[in-house]
Each structure stands twice: as structure tokens, then as C-alpha cells.
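*Asks:* Below is one structure. I have some questions about it.
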Amino acid sequence: MYSIRHRVVQCRDNFIMDQLTPELRNMFAEQLFGAFVENGENGVFVVRADASIAYVNQAMGKLLAYDIDAFIGRPFLDFWATEFKALGEERYQARIAGAEPPKRYDIEMIRKDGLRLPVEVTAYRILFEGVAADAIVVRDISEHRRLEAELRNALKQSRELSSVVETSFDAIVITDSEGLITYVNKSWQALNGWASEEVVGKVTPRVIKSGRQNSSFYRVFWQTIKAGSSARLDVTNRRKDGSEYFAELIVMPLKDDQGLITGFAGFQHDVTARHQVEQSLFEAKEFAEHIIDSANAMVVVLDNTGAIEVFNKRAEAITGYTKADLQGKNWFEVLAPRERYPDVWHVFEDYQKRGIVLQQFENPILTKDGRELMIAWTNSELNQGGQTVGTISFGMDITDRKKTEAQLLTINQELQRFKDLMVGRELKMIELKKEVELLRAGQSGHLHAQTDIASK
């Protein structure tokens, strides 16, 4: 934007120049040079009849970033952007011929650094050093152009924003700084059943308040947005027909250039379906957790690194650890240390490398108080989106059974040893019996022989 002072000077110059005869105007213009051109805000250069530059002021040098000497003697159109040179030549020749083409027009000039500078040029016929010449006043309008572009962009964005807001699938409500509704879009009207004219000027959220949230809820919410912060919350709202729905509400303050709150914008999403799914999942989760906790077996879920994610009450009772003790910790490091149970670690590492889960597996664990228990596991993979994300294992404490099996094995071994011993004894008795029978048979033969001898 250019200054008030410049406007006054420009208006004065134009008025004076337009009221004088050509001769007086030229004389007056030449006399004015020494008074204000050198100290003026705008660039000025004087062009001779051959279109060469005879004079430039300091402001002109600054505008185009040239030294003053760089202008003198050069055609003035050298500094015009290419697409404006024909226009400059046409109007310059018209003025020389005595015509009166438009004095003021916008062009772009080329600075020494190659950048384009939008300017407004105003041309006057003057006497310079006693010879007719053109005095061209150059005003930098780059800031004016920037503001115009910003305004056009803002208007375009405003139109686009209005269209987006009105046709948005999101329910949008805008209020003043006191919460009075100033605008609701079509989606808001469709969601809540109220027409725009029925709610504009009323306080929100009273229009759609269901009573499910207490006064302290709204008090904290209001304090938050009045302090200049955005708020995001889930609420239960009531439509005009009395039906209720669950909504996700986002409210943000609207501020002016000074940062003062001028109103609020609220965006509502009907999340009733999502809420119902979440509620169903919550209930299913509670049911599953109840089943897991009431199971008569250890239920342990590990991720692929062996970190504990689920640890039911039976597992707590058997190991002596609580879920809080072990949540996120590595099962094997705590309950099956490598130095004591290397075979267990071999199975775990094989799973990590090859993804092989042993469906049935027995291994010892160490309880919190240092006891060793034997657990029989039934294992399954946990899959999510086609990817294995961990394992779920159901474990039974078989320590007593293993002890009983060991005792039975010992008894069986003793029985077998006794049996083997008894069989050996039986065999020995048979052999002795045979020997006795042989002895008896021998003695009987000897007696018969003696009887025969005696009878003879």
C-alpha cells in the first residue's frame, strides 16, 4: 500500500498538470524537478526524443537495483519486461506525435538481479534542458499486487470453503462467542432433524442435549474452549424426534487477527454404529476374560518375542506370580531360565527361527518361591491378518502326576527285580529237584545191584 502523503502529492501533481496549458505545464514541470523529484518516493526518469534516458533519480536506481550511471543513454524500453515493450513504444510514439494516450498504466520492469517488478507508470510531456521530453514516474505496486492476490485467494478460498462446509458429510455447527448458533450445514440438519431456521440464535448444546452428560461435563467443556483450546469428546445427543445417537464432537475456537475468540466451530460424526461394535467387543472381551480367569488350566498368551500378554488367575495360583508381576516380561527368562533349562530355550528359539509351534509339550518351570513344577502344555498359534503374532498355551500342572508316575516306575522296577529274582529261584529249585531225582535214581540202581549180588 502506498502512503497518504504520496496520494496527496500525486493528486496535486495531476490536478496542476491537467489545468495548465502545454507550454506552462512543461515549464512548471521542469521547475518542479529540483523541488521534489530527487527526494520523492517514486522513481522518475526522463526520456529524450530518441527514446534514450537522459535522467533518473535515486529512487529509480533503488527500485531496479542499478547505479544511476547504468541508465543514462540507454533506451528506456531496455528495462521493460518483454511483453510490455510494444505497449511502451506505442504510447511513447503517440505522445511524441501530440496524441494523448493513457498516461497511467501498469507494467512489469526487470531489475538488475533478473526479478520482475510490477509498477505503475505515469507519463508527462515536459521540457528538459529546454527540449521536449517525457517524464515517466514509476511507482512500485508489488505490495499492492500481493494484497490483491491475497484478497482474490481469500475470496476464492471463502467460496470454496463455503461450498465444502455446506456439502460436507460432517455435521458442522458455527456459533458466536457466547455459544449462540449462527450456522448449521445440511448434514447437521439431517443428523439432528432440526431445520436451520429452528436453531439459529439458540444456545448449543441445549438444542441437542440428551441429559446423559451432567452439568459438570459441559462446564469443563465450555471452560476448555473459552480458554482458546480445542476439545474432542464423545457425547450422547438427542434428535428432534427424541431418538438418541452417539457422536464424536470436535470443537475449535474461531479467532480474529488479534487472537480474540469470535466464535466456535463444531464438527459432529455419528459414531453410533462404531459405539455398538465397541460395546459388543467390550462385552465379548469381558466374557472371554471371565472364561480365561475361571478356567481350571493355566492360560498364557505370548507375543513372538516371548513377552507375556495374558496370564490368568490359575497361572497366578500355580506360579505364585501375579499378572502385574509378569506383564510384558519374557516368560522363558523368568520361569524357565536358560542356564537351568537349555532344552526349553532350544524349543523356543526354534519357534522364533522357523515358526514351528509344538502342539504338545511338557517342560519344568520355576515358581516364584523356587519350586520346580512340571507343566503339560497344549499350544496354538495366534494369527492376525494372516501373520503369526504369538502363541496361546493351556497348561496343566502335572507335577504330582509325574511324581506318582516316578513312584510307580520305581515300584514296577522293584517288582520286576523281585519277579526276576523269583524266577531265578524257581529255576534253581527245578535244577536242584532234577539233581535230587538223579541222586535218588542213582541210589535206587545201586541198591538193586547189591540185592542182586546178595541173592547170588
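*Asks:* So which residues in region 295-340 are assigned to a helix (DSSP H, G or I), within 23 Å of Glu381 (Cβ to Cβ) and of a type in the set (D, E, K, R)?
*Replies:* Arg314, Lys323, Glu333
Conditions (1) within 30 Å of Gly328 (Cβ to Cβ); (2) of a type in the set (A, V, I, L, M, F, W, C); (3) in the same structural domain as Ser393 (by TED's automatic domain parsing); (4) surrounded by 11 or more Cβ atoms within 10 Å (Cβ to Cβ), marked per residue:
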{"position": "Val207", "(1), (2), (3), (4)": "no, yes, no, yes"}
{"position": "Ser210", "(1), (2), (3), (4)": "no, no, no, yes"}
{"position": "Lys240", "(1), (2), (3), (4)": "no, no, no, yes"}
{"position": "Glu244", "(1), (2), (3), (4)": "no, no, no, yes"}
{"position": "Gly259", "(1), (2), (3), (4)": "no, no, no, no"}
{"position": "Gln279", "(1), (2), (3), (4)": "yes, no, no, yes"}
{"position": "Phe287", "(1), (2), (3), (4)": "yes, yes, no, no"}
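*Asks:* Taking Glu248, is it farther than 30 Å from Asp350 by Cα, part of a strand (DSSP E or B) and either touching a residue at least 60 places away in the same chain (Cβ under 8 Å) or not polar (S, T, N, Q) (or both)?
*Replies:* So Glu248 fits the description; yes.
*Asks:* What's the total number of residues in region 43-97 that are closer than 24 Å to Asp113 by Cβ, free of Cβ contacts under 8 Å to residues at least 60 places away in the same chain and not in a helix (DSSP H, G or I)?
*Replies:* 14
*Asks:* Going residue by residue through region 287-294, is there one that turns out to be without any contact (Cβ under 8 Å) to a residue 12 or more places away in the chain and closer than 19 Å to Asn383 by Cβ?
*Replies:* yes
*Asks:* For region 177-217, which residues satisfy the criterion of being hydroxyl-bearing (Ser, Thr, Tyr) and under 14 Å from Ala247 (Cβ atoms)?
*Replies:* Ser187, Thr204, Ser210
*Asks:* Taking into account only those residues within region 205-233 that are charged (D, E, K, R) and part of a helix (DSSP H, G or I), which is modelled with the lowest pLDDT?
*Replies:* Arg206
*Asks:* Please find, among Thr378, Thr388, the residue that is hydroxyl-bearing (Ser, Thr, Tyr) and out of contact with any Asp or Glu (no Cβ under 6 Å at 6 or more places or on another chain).
*Replies:* Thr378
*Asks:* Scan region 268-277 and give yes if some residue there is surrounded by 14 or more Cβ atoms within 10 Å (Cβ to Cβ), among the hydrophobic types (A, V, I, L, M, F, W, C) and within 30 Å of Thr182 (Cβ to Cβ), otherwise no.
*Replies:* Looking for residues that are surrounded by 14 or more Cβ atoms within 10 Å (Cβ to Cβ), among the hydrophobic types (A, V, I, L, M, F, W, C) and within 30 Å of Thr182 (Cβ to Cβ), one finds at least one in region 268-277, hence yes.
*Asks:* Can I ask one more? Just to be sure I understand the filter: pairs with C-beta atoms under 8 Å, separated by 6 or more residues or on different chains, first member in region 382-408 and within 19 Å of Gln359 (Cα to Cα), second member in a helix (DSSP H, G or I) and at pLDDT 85 or above. Which pairs pass?
*Replies:* Gly395/Ala315; Gly395/Ile318; Asp397/Ile318
*Asks:* If I ask for residues that are surrounded by 10 or more Cβ atoms within 10 Å (Cβ to Cβ), farther than 30 Å from Glu372 by Cα and in the same structural domain as Ala315 (by TED's automatic domain parsing), which ones from region 385-443 would you list?
*Replies:* If the condition is that a residue be surrounded by 10 or more Cβ atoms within 10 Å (Cβ to Cβ), farther than 30 Å from Glu372 by Cα and in the same structural domain as Ala315 (by TED's automatic domain parsing), then Thr388 is the only one that fits.
*Asks:* Could you list, in sequence order, the residues of region 191-205 that are surrounded by 13 or more Cβ atoms within 10 Å (Cβ to Cβ) and more than 22 Å from Gln223 (Cα to Cα)?
*Replies:* Passing the criteria: Leu191, Asn192, Gly193, Trp194, Ser196, Glu198, Val199, Val200.
*Asks:* Just checking, which of Thr272, Thr262, Thr305 is hydroxyl-bearing (Ser, Thr, Tyr), under 27 Å from Tyr351 (Cα atoms) and in contact with a strand residue (DSSP E or B) (Cβ under 9 Å, 6 or more places away or on another chain)?
*Replies:* Thr305
*Asks:* Got a sec? Which of Gly242, Gly263 is within 23 Å of Gly201 (Cα to Cα), outside any strand (DSSP E or B), among the small types (Gly, Ala, Ser) and modelled with pLDDT of 80 or more?
*Replies:* Gly242
*Asks:* Of these, Ala94, Ala51, which one is over 22 Å from Gly40 (Cβ atoms), more than 51 Å from the chain's Cα centre (by Cα) and surrounded by fewer than 16 Cβ atoms within 10 Å (Cβ to Cβ)?
*Replies:* Ala94
The values are calculated or read from the model by the stated rules, or taken from the named source; none is laboratory data. These figures come from a predicted structure and were not determined experimentally. As a convention, Cβ positions derive from the backbone with ideal geometry for all residues, glycine included, and neighbour counts pool all protein chains shown.
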